[in-house]
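Structure record follows, encoded as structure tokens.
The values are calculated or read from the model by the stated rules, or taken from the named source; none is laboratory data. Since the model is a prediction, treat every value here as computed from it, not as a measurement. Note that we place each Cβ from the backbone using ideal geometry, even for glycine, and neighbour counts take in every protein chain shown. SASA here: full protein model, heavy atoms, side chains in, ligands and nucleic acids out. Shrake-Rupley method; radii C 1.70, N 1.55, O 1.52, S 1.80 Å.
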Amino acid sequence: MSKSDLKPKDENRKIELNIQRQIAFASGIFQGDVTILTLLESLVEGVVIIDNSGIILLVNTRTEQMFGYPRKELIGKPHAILIPERFRKVHEEYEAHFFEEPKIRPMGMLPGFTGRRRDGSEFPVEISLNFIESINGILVLAFISDITLRKQYESSLQKSEELSRILGVIDYAIFILDAEGNVRSWNEGAERLKGYRNGEITGKHFSCFYPEEDRAGGKPADKLKIAAADGRAEDEGWIIRKDGSRFWADVIITALHDENGNLRGFSNVTRDITGRKRAEEALRLEKYFTDTVIDSIPGIFYVFDDREQLFRWNKRLEELSGRSPGGMPTLSPHDLVSEESHGLLESALREVFVEHRNSDVELLILDREGRKVPFYCTGSPMTVGDRTYLVGLGIDITERKRAEEALRESEERFRLMADTAPVLLWLSGTDSLCTFFNKPWLVFTGRSFEQEKGNGWTEGVHPDDLQRCLDTYLSAFNARRDFQMEYRLRRADGEYRWIADAGVPRFTPNDDFAGYIGSCFDITERKRAEEALQASENKFSKAFQAMPSVLVIASLADGRYMEVNEAFEQVMGYRRDEVIGRSSLALNLWQNQEDRAIVLRMLAEGKKVRDLEIGFMCKSGTILVGLYSADIIVIGAEQCLLSLVNDITERKKAEEELHRSEERYRRLYNDTPVMLHSIDPDGRLVSVSNYWLETLGYERSEVLGRI
């Protein structure tokens with residue numbers, strides 16, 4: 001067989017494959033959404049989808065019933081089998097004109113246009129054309145209506161208007177208008193469709209059925225003019241029912257003439273085609289939505305058939321490959337990837353087409369410049385009829401690869417620095433197990449990395465600390481939060497040393513959780529110092545409580561009492577729990593607030609506060625007089641005021657009593673009418689009474705100190 005003999009067969013095979021792809025695509029639209037499927041199957045019209053070569057891709061059940069063909073005898077056949085021979089040339093011319101300028105249009109105005117059934121019989125049809133733009137070209141949607149009854153009615157109407165009553169039960173709204181457009185008669189179909197009874201609509205102008213915007217634009221009158229001039233006017237648009245609701249209607253207005261050719265009026269046949277419009281819109285929206293979603297995918301989208309021919313793709317794949325839309329169908333999976341990825345590609349294709357399971361693989365995709373771009377590619381099997389398709393998505397992972405490489409380099413630098421750091425460092429992975437220990441850690445424990453990795457490091461933790469240590473770590477790990485803990489870790493020489501361990505979660509440049517990093521310090525000496533400090537504080541506490549003087553420790557910042565001793569409780573009358581956390585101002589302890597101000601001022605000036613005589617209010621309301629001393633001390637990081645009060649209340653009372661006794665003696669000494677005087681051991685006058693001075697005529701200054 002010569003090459004010339006093979007060429008026609010190859011061409012025929014390509015044509016056949018193209019038809020199969022178109023059929024599968026149309027079926028995908030038809031079956032992709034249960035709402036669209038329900039709409040198309042519920043229409044009273046037949047639906048036929050054809051490609052730009054006239055091949056039938058899809059029909060609905062009504063088409064099978066109307067033409068008498070089972071669906072399998074129509075799919076893949078030229079649509080001319082549905083058209084009588086004598087109309088085919090006219091139809092081809094009209095069809096060619098449609099493809100030059102695709103738009104929604106009716107074809108019912110072709111006089112005598114009919115469809116051809118499987119048995120060869122013909123019937124009048126009305127065809128409305130719509131279209132879908134697809135990556136495989138324009139697909140035509142033909143909505144076909146059997147208008148046999150309507151034609152019979154129109155023919156009979158020329159003879160007798162009375163036949164409208166006979167045909168009143170059909171689903172068309174049929175009514176007669178006079179020459180001005182007023183309703184003269186009305187059938188039951190019109191009553192059901194528009195809501196008016198015959199009696200209430202007769203005499204009204206038919207423009208009441210049109211929306212306000214159509215009436216304002218003069219549409220009803222224009223349609224009557226066209227029908228009067230051409231004999232017929234067709235239209236699609238919104239019609240208003242009596243209750244104000246709308247439906248999308250197919251309207252045919254036919255001029256009626258008498259035997260002399262004079263215009264008698266018009267017939268109006270109106271049909272509700274809302275369902276058909278919804279189906280058209282649903283298909284259009286489905287197509288628009290599908291294209292929009294596919295083209296908005298950030299990666300490349302592709303559908304290959306089981307012959308490895310590209311069936312569907314998005315604009316991103318066009319841009320990446322550098323091919324025009326017309327050249328895309330010839331692109332095979334092997335054309336897309338570099339040579340070193342062919343083996344991985346073959347495995348992925350086998351998983352989808354042979355094993356019928358999903359695949360995912362990293363491939364090097366060739367861009368339009370021939371550069372190798374890493375992509376993460378997925379593929380899922382989809383079966384339509386007896387054909388299997390690979391539906392896939394590819395994501396450019398160039399940045400991820402760079403990030404991974406940067407992370408590897410970063411981790412290597414980290415390891416180099418970690419091994420020279422003066423602290424113990426560790427890393428854990430996303431499973432909480434340790435994956436790295438630096439050299440100082442291994443030297444400290446005297447164990448190898450193999451011994452320490454995973455949970456091996458826990459063998460060196462003191463048994464008394466182990467559970468607390470693990471609970472702290474795992475709790476923080478699960479919550480992805482920082483943690484700090486202290487535990488005892490066995491050193492290489494067998495001694496347990498106190499370790500302060502601080503861990504923080506670590507993340508990749510893409511903010512993916514990568515595990516934890518921790519740093520450890522030997523705090524054994526600090527712990528010993530803390531223990532010594534604790535012992536010292538215990539001694540201080542005992543001495544503090546045993547002091548007979550009143551002692552108070554308060555915060556210097558806000559005066560809040562932090563500690564008081566037993567002497568405070570005994571002398572001031574307050575229990576410890578009544579004053580801790582409260583200030584002296586809140587307790588109203590100062591008899592004179594100016595005393596408190598003086599103390600604070602002296603402390604601020606750096607002066608010593610020692611033995612200031614100050615009055616304090618006890619809980620009972622009595623006044624305590626004490627010698628007040630204060631010093632600033634630091635507890636932790638907080639400045640505190642240590643106050644000491646020695647109670648001198650009784651001493652003050654004794655001094656006051658002595659003062660009162662001396663005063664009484666002086667009054668008695670001076671007021672007695674007797675010459676009284678006293679002398680010191682040397683015979684000098686120490687004191688003389690007033691009566692003595694008056695009797696002898698001396699001034700006191702003249703005699704005191706003299707012999």
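Taking all protein chains in place and a 1.4 Å probe, what share, in percent, of the accessible surface of the range 366-521 do carbon and sulfur account for?
Ligands and nucleic acids excluded, carbon and sulfur reach 53 percent.
Need one value: the accessible area of Thr398 in square angstrom, 1.4 angstrom probe, rounded to the nearest 10.
That residue has around 30 Å² of solvent-accessible surface.
Mean separation of Cα pairs under 8 Å and 6+ residues apart, divided by the residue count of the range 523-565: what relative contact order is that in percent?
It rounds to 27 percent for the range 523-565.
Suppose all protein chains stay in the model; what accessible area per residue would a 1.4 Å probe give for the chain, in Å²?
Result: 54 Å² per residue.
Going down the list Lys89/Lys277; Lys542/Lys619; Lys453/Lys527; Lys542/Lys653; Lys204/Lys225; Lys619/Lys652, which pairs span over 23 Å between their C-alpha atoms?
Pairs exceeding the cut-off: Lys89/Lys277; Lys542/Lys619; Lys453/Lys527; Lys542/Lys653.
If you average the sequence gap of Cα pairs under 8 Å that are 6 or more apart and divide by the length of the chain, what percent do you get for the contact order?
5 percent.
For the chain, with only Lys/Arg (+1) and Asp/Glu (-1) charged at the beta-carbon, what is the dipole magnitude about the Cα centre, in debye rounded to 20?
So the magnitude is around 960 debye.
How large is the helix-only mean residue ellipticity at 222 nm for the chain, computed as the sum of -39500 (n - 2.57) over DSSP H runs with n ≥ 4, divided by its residue count, in deg cm²/dmol to the nearest 500?
Helices in the chain give a 222 nm mean residue ellipticity of -12500 deg cm²/dmol.
What is the helix-to-structure angle for 524-546, meaning the angle in degrees between its Cα long axis and the longest Cα principal axis of the chain, kept from 0 to 90 and rounded to the nearest 10?
Roughly 50 degrees, rounded to the nearest 10.
For mean projected area of the Cα convex hull in nm², which listed value, (i) 34.2; (ii) 47.9; (iii) 74.7, comes from the coordinates shown?
Among (i) 34.2; (ii) 47.9; (iii) 74.7, the one calculated here is (iii).
How large is the accessible surface of His79 in square angstrom, using a 1.4 angstrom probe and rounding to the nearest 10?
30 Å²
Ordered by packing density, taken as the mean number of other Cβ atoms within 10 Å over each peptide's residues, highest first, how do 673-686, 335-348 rank?
Final packing ranking: 335-348, 673-686.
Could you tell me how many degrees, from 0 to 90 and to the nearest 10, lie between the Cα long axis of helix 342-353 and the main elongation axis, the longest principal axis, of the Cα atoms of the chain?
Once rounded, the angle reads 70 degrees.
As I understand it, the dipole of the chain uses +1 on the Cβ of Lys and Arg and -1 on the Cβ of Asp and Glu, about the Cα centre. Which of Asn268, Ser321, Asn510 lies farthest toward its positive end?
About the Cα centre, the residue reaching furthest to the positive side is Asn268.
Leaving ligands, DNA and RNA out of it, report the carbon-plus-sulfur percent of the accessible area of the range 582-707 at a 1.4 Å probe.
53 percent
In degrees between 0 and 90, to the nearest 10, how far off the longest principal axis of the chain does helix 274-296 point, with axes built from Cα atoms?
With both axes taken from Cα atoms, the answer is about 50 degrees.
Dipole magnitude of the range 451-599 about its Cα centre, charges +1 at Lys/Arg Cβ and -1 at Asp/Glu Cβ only, in debye to the nearest 20?
20 debye
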